[in-house]
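Report on the structure given below.
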Amino acid sequence: MSDGYLRGAISRPATPRQWDVLAAYVAAGGSVSDAARLVGIQPSTVKRHLADLRARSGLSTEQLIYRGRAEGWLNVPSLEPQLGTPSAVPTGTVSRPHPR
């Protein structure tokens, strides 16, 4: 840490929409165009939201995803274990992340 900057700490709070786009990107398997369809925006807007999250945190998209999954604030139902429900996998709904 130097001059109060901690890599991976998001300086300005990200918007709920940006977190939704990150979760849709994960649910879409890393496809920008599929993530855009899931949240109803243009692919260029998905790219902009992901770039802004990277700039705010100093992390790559992959690092953001890993951190969110490890800390439990990035929940993507299609990736969660489904107990007792064979292949009932909802997509496109996400839990709100804890603001950092």
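Take the residues of segment 29-64 that are in contact (Cβ under 8 Å) with a residue 24 or more places away in the chain and of a type in the set (Gly, Ala, Ser): which is nearest to Pro77 (Cα to Cα)? The qualifying residue nearest to Pro77 (Cα to Cα) is Ser57. Among all residues of segment 28-39, there is at least one that is surrounded by fewer than 18 Cβ atoms within 10 Å (Cβ to Cβ) and within 11 Å of the chain's Cα centre (by Cα).
Read-outs: derived from the displayed coordinates by stated rules, not from any lab. Since we're looking at a predicted model, the values are computed, not measured. Backbone-built Cβ (ideal geometry, glycine too); neighbour counts: all protein chains shown.
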